[in-house]
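A short worksheet on the structure shown next.
The values are calculated or read from the model by the stated rules, or taken from the named source; none is laboratory data. Keep in mind it's a predicted model, so treat the numbers as computed, not measured. Backbone-built Cβ (ideal geometry, glycine too); neighbour counts: all protein chains shown.
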Amino acid sequence: MFYTLHNFILSITTELAIAQDIPRAVIDIFLLVPFVSLILAFLRHIIGVKTIGLFFPIVLSVIFAVSGFTYGLALIFFVALFTIFGRVIVRPFRMLYLPRSAFVISIVTMGVFWTLIFISAISNKSPVESMSILSFVVLLLFTEDFLRVSNERGAKNSLTLMGETILIAIIGALFLRWQAARDAVYTYPELSLLVPLLAIALNRWNGLRLSELYRFRLVRKRLIVDKDE
């Protein structure tokens, strides 16, 4: 009964969205984002991949899927570049966290703005046409997270963490752009019922992550040898 009710509600919701001229691509993304969150949770919980939170890679996946990988990666590169540049500039002032964040965000905003102007001037094509202003605003949120992580773990570890986050976001974006998945959830929106069920199953895993098994493989071998002796 719950399945039938859920199927009916989702079908009506999809039909209403189509009737309101909401683009098919938008409907597909909304229906697929829960699956992306499940994939990212699996990669973090079972594989042991580290990311800057769970929310940011999901949003980044949507940005990649909508704006494309070229402009998405370029925007992330310049945001990260000017974030590091801002940290270097603000370091001698010994500012507190909040004023320092405001200072760095202003550097990032103006740096990306002038970079877009420079790219437009030399290519006679505005990159803003391929990305929404919302994408840039979301990446500004990433600036604060990147600052927090770099303060806690250092610049080298934060860059490694950012690389893993981008890699996971690319995997999520490829799934969002997978036409077979888009057709499946559009035709059968009740497939979203699988997400909470699979999340409950994922929660039952309480063993070591695969990355931890690989990291401690030498210790395990040594314990086995000691046990045999």
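Could you please give the count of residues in segment 61-98 that are surrounded by 15 or more Cβ atoms within 10 Å (Cβ to Cβ) and not hydrophobic (A, V, I, L, M, F, W, C)?
8
Rundown of residues vs (1) part of a helix (DSSP H, G or I); (2) at negative phi; (3) under 11 Å from the mean Cα position of the chain (by Cα), yes/no style:
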{"site": "S37", "(1), (2), (3)": "yes, yes, yes"}
{"site": "I46", "(1), (2), (3)": "yes, yes, no"}
{"site": "V49", "(1), (2), (3)": "no, yes, no"}
{"site": "P57", "(1), (2), (3)": "yes, yes, yes"}
{"site": "T70", "(1), (2), (3)": "yes, yes, no"}
{"site": "L73", "(1), (2), (3)": "yes, yes, no"}
{"site": "F77", "(1), (2), (3)": "yes, yes, no"}
{"site": "L81", "(1), (2), (3)": "yes, yes, no"}
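Which helices (runs of 4 or more DSSP H) does segment 121-229 wholly contain that include 1 or more residues that are small (G, A, S), modelled with pLDDT of 80 or more and within 27 Å of L31 (Cα to Cα)?
Ranges flagged: 155-176, 179-187, 194-203.
Which pairs do you get when a residue that is in contact (Cβ under 8 Å) with a residue 40 or more places away in the chain, found in segment 98-122, comes within reach of a residue that is surrounded by 15 or more Cβ atoms within 10 Å (Cβ to Cβ) and β-branched (V, I, T), reach meaning Cβ atoms under 7 angstrom, with the pair 6+ apart or on two chains?
Going by the 7 Å Cβ cut-off, the qualifying pairs are R100/V90; V104/T83; V104/V90; V104/T143.
Among (1) under 21 Å from L141 (Cα atoms); (2) in a helix (DSSP H, G or I), which single condition is M95 missing?
Tallying (1) under 21 Å from L141 (Cα atoms); (2) in a helix (DSSP H, G or I), M95 fails exactly one: (2).
Of the residues in segment 1-52, how many are surrounded by 15 or more Cβ atoms within 10 Å (Cβ to Cβ), modelled with pLDDT under 75 and touching a Ser or Thr at 6+ places or on another chain (Cβ under 9 Å)?
Number of matching residues: 1.
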